[in-house]
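Written out below as structure tokens is the structure these notes cover.
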Amino acid sequence: MQHILCSKGRGKRLGALVMTLVMVFFAMTAALPAAEAVTQKDIDNLKSQAASLKEQKSDIQKKLDKLSNSKNSALDQKFLLEEKINVLREQIALSEQSIQEYGKQIDQKEEELAAAKEEEAKYYDEFCERVRSMEERGNVSYWAVLFNANSFSDLLDQINAISEVMDYDNEVMDNLAAARQAVADAKAELEESKAAEESAKADLETQKADLVKEQASVEATIQEITSQSSVYAQKMDELEDDSASVSSQIAQAEKTYQAQIAAQKKAEEEAARKKAEEEAKKQQQQQNQNNSNSNSNSKPSGGGGTAGSGGYLWPLSGYTRVSSPFGYRNCPFHGQELHGGCDIPAPYGTPIKAAKSGVVIISTYGSSYGNYVTIAHSDGSRTMYAHQSQRAVSAGQTVSQGEVIGYVGSTGSSTGNHLHFELWLNSSSSSRVNPVAYCF
């Protein structure tokens with residue numbers, strides 16, 4: 001009787017302890033920060049984006065295949081190749097993001113596998129302990145225990161005790177089986193994530209190789225266009241129409257990002273106010289230190305030469321030569337024409353910096369300007385950066401003066417690496433001025 005009751009007590013206490021540990025384990029699992037977890041939905045979303053880019057790339061390739069080998073098609077081919085390069089860059093960025101996500105997922109799966117193995121070991125130890133306990137007690141007949149009851153009340157107690165022991169034994173077995181299945185599932189998911197990561201890495205290498213190939217094709221096409229420039233006079237006329245549409249694009253973009261532009265202006269005004277207060281404090285301190293000669297030799301600061309008299313930064317550090325200045329010029333295709341900006345030659349891939357803080361209102365590709373970015377500034381002015389090899393910012397993004405927004409290239413209506421830089425005093429193309437006068 002006493003032996004049975006002791007077993008009953010130990011069974012209750014051990015069962016309660018196991019259930020407590022299980023509850024604590026799941027509570028700790030639920031408390032993990034969900035924001036850092038990589039879900040299958042995240043991976044599926046990246047796969048969907050990759051499929052869309054693959055389709056875009058395929059459509060562009062079909063257009064390239066349809067072009068004839070005539071000289072008139074070379075410029076069209078250049079534009080399509082540049083569009084394809086932009087898609088390839090997006091694919092590369094997406095593949096790199098996918099690899100990072102798979103890496104995080106693998107880390108998660110390895111943690112889950114370790115936890116599952118630990119849980120399996122715990123339940124296995126519990127199972128072994130239960131087996132040893134049964135061996136130590138020997139073969140005890142449950143019927144014998146029941147028949148040895150001293151009273152009906154004692155019989156009911158014995159039945160309850162036996163029922164609890166049997167339930168506990170079944171629970172130990174079920175927990176062990178579930179833990180082993182969890183280990184097997186975690187191993188399978190880990191291997192699946194590793195295989196997906198390797199596939200993404202292979203895709204990345206293929207995309208990078210394609211990018212090099214297409215860039216070489218563009219260079220070859222540029223050489224063809226340069227050697228046969230007279231053939232493309234009519235096509236160049238058509239391209240000039242693109243520049244006229246940019247003004248309407250900017251006006252439309254400004255409506256979209258009007259709130260951000262206003263917020264940027266407010267932030268700059270607040271920063272200017274604080275700077276003025278700091279300057280006033282410094283001047284007061286200087287006056288307190290030297291009352292007699294406080295202002296005898298003082299001169300306004302030029303910001304360390306970082307920005308010109310107009311407050312604009314030259315967008316290409318170390319490259320100040322202008323190959324084609326702002327103003328009217330003799331064009332071999334159109335005669336006298338207004339060149340609305342200045343062309344600054346620089347090596348391929350040279351970083352392009354924002355001339356002034358503002359909001360990016362356009363970041364796109366056009367057949368004339370190639371990859372170009374337009375930034376709206378809080379004073380109402382606009383700056384444009386054209387023919388980029390690669391854009392580093394997106395529409396709606398707020399940028400600081402001197403922040404890299406792209407890289408020098410020769411996309412669009414261009415046959416050599418350079419930056420076409422424009423400064424608009426407002427959103428109308430008629431307000432274009434010589435940017436050199438505002439940057440030095």
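Some values worked out for this structure:
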read-out: Difference of contour (0.36 nm per residue) and Cα-Cα distance, Glu192 to Leu425; value: 78.3 nm
read-out: Spin-label pair Ala251/Tyr124, simplified geometry with 7 Å Cα→Cβ offset, distance in nm; value: 7.6 nm
read-out: Residue-by-residue Karplus 3J(HN,Hα) for the stretch 423-430, coefficients 6.51, -1.76, 1.60, Hz, glycine and proline x; value: 10, 10, 6, 8, 7, 9, 5, 6
read-out: Label-point separation in nm, Gln390 to Ala178, each point 7 Å along Cα→Cβ; value: 5.0 nm
read-out: Likely footprinting exposure, Arg180, Arg382, Arg329, Arg321, fewest C-beta neighbours within 10 Å first; value: Arg321, Arg329, Arg180, Arg382
read-out: Order of Cys128, Cys342 under a 10 Å beta carbon neighbour criterion, fewest first; value: Cys128, Cys342
read-out: Taking His339, His420 and counting other C-beta atoms within 10 Å, the order from fewest to most; value: His339, His420
read-out: Thr364 versus Gln97: modelled label distance in nm, points set 7 Å from Cα along the beta carbon direction; value: 2.1 nm
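Each reported figure results from applying straightforward, stated rules to the coordinates on display, with no laboratory input. Note that this is a predicted model, so its numbers are computed, not measured. Cβ atoms come from the backbone with ideal geometry, glycine included; neighbour counts cover every protein chain shown.
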